Amino acid sequence: MKRIALVLAVVAVVASVAATSASSGSAATIVRETITAPFTETDIPHDCRPGVTGTLQGTDVFTYQSVATAEGFHIAGTITDSGRIDWSDGTYTIIGSVDHFAWNFVGTGTEVRTNAHVDTGDFYSVDGVFEFRATFHLVEHVTVTDGDVTRIEFVRGHLHLFGDC
C-alpha cells in the first residue's frame, strides 16, 4: 500500500511538471530520481505452515525517469524490494520483489499503464538449510481514455515452487 502511495505521489509531481511544461511551450523536462526507504511488516502468515507468522525487514528502492512535453508525459522506472522474513518457528525467508513500470499520459486524454512484477522467496530451515523457492510473476496493462477504462489486460499470476513447501 505504501508503494502505491509513493508512486501516485511521484506521478502527481510529474503531472504538475508536465502541465507547467505544456503551458510554457518549453522543450522536454526530464526528471530522474532514486528513493531508498526501509520497511517493516509484522504478523505475516506463512503459507506453508499454519499458525506460523513472520516479521519482515527490508529495503525499498524506487528509481524512475519522467519526460514531460507539451503533448504529455512518460514515466518509467523500477521498484526493487529486498529483505528477510524471520518466522516464529525459527525458520527464515530471503525475499525479493521487482516491478518494472511505465505510464504514458498523452494530450488526447489517454493514459496507458503497464507493470511487470516478480516476487521471489528462498525459504531456509532453522539451521540455514535451503528448503524451497517460491516465485510469482504478474503482468498488468491498463488503458484509460477520457476517464473511461477502455482496455485491461492481465497475465494472471504464475506461481512456481522449486522444492517442497
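The values are calculated or read from the model by the stated rules, or taken from the named source; none is laboratory data. Predicted model only: the values in this text are computed from it and were never measured. Cβ coordinates were reconstructed from backbone atoms using ideal geometry, including for glycine residues, and neighbour counts include every protein chain displayed.
Quick check on THR29: is it under 28 Å from PHE130 (Cβ atoms) and either surrounded by 13 or more Cβ atoms within 10 Å (Cβ to Cβ) or at pLDDT below 95 (or both)? So THR29 does not fit the description; no. Looking across the stretch 87-97, the residues that are over 22 Å from the mean Cα position of the chain (by Cα) and either buried (at least 19 other Cβ atoms within 10 Å of the Cβ) or in a strand (DSSP E or B) (or both) come down to TRP87, THR91, TYR92.
THR150: polar (S, T, N, Q), modelled with pLDDT under 95, surrounded by 14 or more Cβ atoms within 10 Å (Cβ to Cβ) and in a strand (DSSP E or B), yes or no? Criteria not met by THR150. Collect the residues in the stretch 70-86 that are β-branched (Val, Ile, Thr) and surrounded by fewer than 18 Cβ atoms within 10 Å (Cβ to Cβ), keeping them in residue-number order. If the condition is that a residue be β-branched (Val, Ile, Thr) and surrounded by fewer than 18 Cβ atoms within 10 Å (Cβ to Cβ), then THR78, THR80 are the ones that fit. Evaluated against (1) in contact (Cβ under 8 Å) with a residue 24 or more places away in the chain; (2) in a loop (DSSP other than H, G, I, E, B), ASP127 falls short on exactly one condition, (1).
For the stretch 74-86, the condition holds for no residue, the condition being that it is assigned to a loop (DSSP other than H, G, I, E, B) and in contact (Cβ under 8 Å) with a residue 24 or more places away in the chain.
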